[in-house]
Amino acid sequence: VLVARFVNVLGNGIVYPYFTIHFYRTLSIPFSVVGTALLANNLALAAGTLVGGVLADRYGRKPVMVGSMAASAVTLSGYALVTTGPTLVVAAAAAGFAGGLYTPASQAALADLTDSAARDRVFGLLKVVSNGGFGAGFVAGGVLYGVARTTVFVADGATSGLVAILLALALPRTL
């Protein structure tokens, strides 16, 4: 779960600093629309988090985590195809919802996999891993964006796809 978190957040870091630059400067989508897309992403993320918690409790942590990352692989890569403002808003909402499903399931899985004495340390380590992945993503994103601008979106989707595969193979069936 910790390795999956690092890889997933690495992908987010690859895109984060370049999202607004790309859609505003490269595609000339107005700032107001880019901002609306970011709002749609965060609202959908919140909704996905609520739904993800219910689904994780009903169907198990592993299927929700794998499904979320598989859907995120598609939705995040889809940003590379965006050329208009309305498409950006829809893509952002879809990516936010898909990504939101993951968090409650992954945190519940982490709690399930650790004993209560180690839980505080493991969740602290989760935060350290998240920060490390995000920061490393900024550097990787700068390199990728300099080579080919849309590769940051494909790379973000690829990290989610890799996480889906890792989780499908590594997590116990009982989650």
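Assorted remarks:
- Förster radius 22 Å - calculated FRET efficiency between ARG121 and ARG173, Cβ distance, rounded to 0.05: 0.25
- The listed residues ARG149, ARG61, once ranked by accessible area (1.4 Å probe) with the largest placed first, stand as ARG149, ARG61.
- Area of THR150 that stays accessible when all protein chains are in place (1.4 Å probe, Å², to 10): 50
- Using a probe of 1.4 Å on the protein chains alone, the accessible area found for LEU81 is around 140 Å².
- Here's the picture: a label point sits 7 Å out from the Cα of ALA47 along the beta-carbon direction, and within the range 62-76 the residues with their amide nitrogen under 19 Å of it are 68-69, 71-76.
- ARG5 accessible area, 1.4 Å probe, all protein chains in place, Å² to nearest 10: 70
- Rounded Å value of the spacing that divides the Cα centres of the range 143-175 and the range 37-62: 19
- Only protein atoms count toward the accessible area here, which uses a 1.4 Å probe; on the range 58-156, the carbon and sulfur part of that area reaches 68 percent.
- Among [x] 57, 14, 12; [y] 24, 19, 14; [z] 29, 17, 13, the entry that matches semi-axes √(5λ) of the Cα gyration tensor in Å as calculated here: [z]
- Stokes-Einstein D in µm²/s, Kirkwood radius over Cα pairs - the range 123-175 at 20 °C with 1.002 mPa s viscosity: 167
- Here the sum of -39500 (n - 2.57) over DSSP H runs of 4 or more residues, divided by the residues of the chain, equals -27000 deg cm²/dmol at 222 nm, to the nearest 500.
- Taken per residue, the accessible surface of the range 88-175 reaches 49 Å², heavy atoms only and a 1.4 Å probe.
- Rounded to whole Å, sorted largest first: equivalent-ellipsoid semi-axes of the range 39-92, Cα gyration tensor: 25, 13, 5
The values are calculated or read from the model by the stated rules, or taken from the named source; none is laboratory data. What you see is a predicted model, and the numbers here were worked out from it, not measured in a lab. Every residue, glycine as well, gets a Cβ built from its backbone with ideal geometry; the counts of neighbours run over all protein chains shown. In case anyone asks, the SASA skips ligands and DNA or RNA and just uses the protein heavy atoms, side chains included. Shrake-Rupley method; radii C 1.70, N 1.55, O 1.52, S 1.80 Å.
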